[in-house]
Amino acid sequence: MKASHAPVSRGAVTLLIGTRKGAFTLKSDQARRTWKVSPPMFLGHIIHHVVADPRDRRTVLMAASTGHLGPTIFRSTNAGKSWTEVTAPPAFAKVPESEKGRAVNHTFWLTPCHANEPNAWYAGTSPQGLFRSDDGGATWKPFSYINDDPQYREWMGSVQDGTPDGPKLHSIIVDPRDPRHLYFAMSGGGVHESVDGGKTFSTLVKGLDVVEGFDPTTVTFHDPHCVRLSPSNPDRLYQQNHCGIYRFDRPSNTWVRIGKNMPKKVGDVGFPMVVHPHNADQAWVFPMDGATVWPRVSPDGKPAAYVTKNAGKSWTRQDKGFPRANAWWTVKRQAMTNDRHEAVGLYVGTTQGEIWASRNEGTTWTCIARHLPEIYSVEAATFGR
Amino acid sequence: MTIHIPSALRSYTAQQSEVPVNGATLAEALAALDHRFPGIRFRIVTEQDRIRPHIRIFVNDMQLHDLSAPLNNTDTVYIVCALSGG
C-alpha cells in the first residue's frame, strides 16, 4: 500500500447534507456511534452540494438555488455556524444581445483546489460550465476554454441531452501531486483532463461504452456519472458511468470495464462511486436498476453496496442492515461518501431522505437519520485542529 | 419609485417589503436595488440580462419583459415569484 494523500483522521465526523429542501448536518460522537441531526439550513432552497475545505478545516461552501430565484453560493468561515452569500456566484460570460447566451441554472459541484492554492476552489454548473474562485469562494470566474469553446459546446449537447434536471459538469478533481493536473466530467459530454492548470483540456473517453447503437468516438454520447481519484495512488481513477463501472491506470489511456465482474442480475449501472482513502484496490458502488425505462431504484427493491478489494476483479455484496425487500430508493452521485478513519466510515443518503452509515467499511449498515427531504449530496468533514 | 420585494427576496432587504430607488429604466432601478442590497439582482435577472423564467416584473399593472423599459419616478414596480412545483 502506498502512502495516501488523504491522511488518516480520528474522532468525530460531521456529515454535510444537501437536499431538495435545504441543508442539514449530522454530527457524530468520537466513536461514530451516535449522531445528532441539525435543524434545516436555508429551508426550501435546493442544495446540490455542501463541501468543507480540508485545507483550513473551517470554511464551507454551499451551492444553492430555489425553484424560481437565480442560483447562488453561501459561504461559512466558522464550520457552518453562520453563513453569508458570496459576492459573485458562478455566471457565464455575457454575450452580445444578438446571440443566445447561457445562464447558470444551478451550481452542481464544488471542489477545493490543491493544498498549495489555499483560497482556490472549482465549481461545476448546470448547464455545463467550469468556474474558479481564488478568494475562498467569494467571487467566481468562468473558464472560457470550456464554457465558450465551440467544440466543447458541441460535446455538451443541448438541455435535451442532459439529465432530467439539467446537464451537469461534475467530478472536478485536482491531482494532489500537481495543482495544474485537473480532471472533470460532464453528463453528457465525457471525461476531460488538463495538465496545464486548465488552459487546455483533452478528452479521456477511450474504452468507455455508450448506449447501444451510438458511436463511442462521439464525445457527446459519453455519460460519466461519477469519477473518483484514488488518494493513495493518484495514477488510478475509478468511474461509475451510465454504461458501466470502470478503472483507469496510468500510463494507459484506456478505461477498463470492471463492472463486467458484477453479478449479472444486479448489473453495473448506478450513480455514486467511492474509493478507499488508503487502499487504491478497494472501492464501492451502489447499483441501481438501469433496465428498460431506467427505474433508478435499488435492483429488485433490495438496496446494497458492492465492494471490490482487488481493483475490480471481483465484487462482494454488502447489505447487512439495509432493508431486505421493498425498499425502492436509490443513491445519487454526490450522496455516497467516506471519512478517512483507519476503519473507513461509509455514508449514503437516499432519495427518500435517509442517511445510512457503516463504521466497518460496509460490512454492516445502520440508519442514522430519516425523514429528511430527498438527499442530493453527502460529504464527510472534520473541523478544527 | 417604489419596488415591492417578494417574501423570497426579503432576506436581502432586512425584511423590507417596499424599497425606494431611482432609475430611468428597469435596468437602472434593478442596478440601484443591487447597489443597496448586493446579490439581489442576480436572483432576479440572468447574466444575459434576461428576467429569470419564474420571475415576473410588473410596473403598476403592466408586465415588463425587457430591462430597457422606461420608468417614471411615480411608478410602482412589483417583483413576483411565480411559485410552482412541489
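The values are calculated or read from the model by the stated rules, or taken from the named source; none is laboratory data. Remember, predicted model here, so these are calculated numbers, not experimental data. Note: ideal-geometry Cβ built from the backbone for every residue, glycine included; neighbour counts use all protein chains shown.
Among the conditions (1) over 13 Å from the mean Cα position of the chain (by Cα); (2) under 17 Å from A:W284 (Cβ atoms), A:E379 misses just one, which is (1).
Out of curiosity, is A:T163 β-branched (V, I, T), closer than 18 Å to A:Q239 by Cβ and out of contact with any Lys or Arg (no Cβ under 7 Å at 6 or more places or on another chain)?
Values: β-branched (V, I, T): yes; closer than 18 Å to A:Q239 by Cβ: yes; out of contact with any Lys or Arg (no Cβ under 7 Å at 6 or more places or on another chain): yes.
Spelling it out, A:T163 is indeed β-branched (V, I, T), closer than 18 Å to A:Q239 by Cβ and out of contact with any Lys or Arg (no Cβ under 7 Å at 6 or more places or on another chain).
Residues in segment B:50-70 that are at the interface with chain A (Cβ under 9 Å from one of its Cβ atoms) and buried (at least 16 other Cβ atoms within 10 Å of the Cβ): B:R52, B:H54, B:I55. Filtering segment A:271-284 to residues that are in contact with a strand residue (DSSP E or B) (Cβ under 6 Å, 6 or more places away or on another chain), of a type outside the set (F, W, Y) and farther than 18 Å from A:S187 by Cα leaves A:V274, A:V275, A:A280, A:A283. Before we move on, is A:F108 at pLDDT 95 or above and more than 21 Å from the chain's Cα centre (by Cα)? Considered against the rule, which asks whether it is at pLDDT 95 or above and more than 21 Å from the chain's Cα centre (by Cα), A:F108 comes out as no. If you go through segment A:76-122 and keep only what is surrounded by fewer than 18 Cβ atoms within 10 Å (Cβ to Cβ) and either of a type in the set (K, R) or in contact with a helix residue (DSSP H, G or I) (Cβ under 6 Å, 6 or more places away or on another chain) (or both), you end up with A:K81, A:K94, A:K100.
At least 1 residues that are more than 14 Å from chain B (Cβ to nearest Cβ) and of a type in the set (V, I, T) in each: list the strands (runs of 3 or more DSSP E) lying fully within segment A:63-144 that qualify. Even if it seems obvious, please write down each step before you answer.
On the way: elements: A:72-76, A:106-112, A:121-126, A:129-133.
Of the strands (runs of 3 or more DSSP E) lying wholly inside segment A:63-144, those with at least 1 residues that are more than 14 Å from chain B (Cβ to nearest Cβ) and of a type in the set (V, I, T) span A:106-112.
Applying the criterion of being touching a residue at least 40 places away in the same chain (Cβ under 8 Å) and within 13 Å of chain A (Cβ to nearest Cβ) to the residues of segment B:8-39, the residue that is farthest from B:C81 (Cα to Cα) is B:A27. Among the residues of segment A:234-264, those identified as touching a helix residue (DSSP H, G or I) at 6+ places or on another chain (Cβ under 7 Å) and either surrounded by fewer than 22 Cβ atoms within 10 Å (Cβ to Cβ) or of a type outside the set (K, R) (or both) are A:G244, A:I245, A:Y246. Listed here are the strands (runs of 3 or more DSSP E) enclosed by segment A:146-263 that have at least 3 residues being closer than 26 Å to A:S314 by Cβ: A:224-230, A:233-241, A:244-249.
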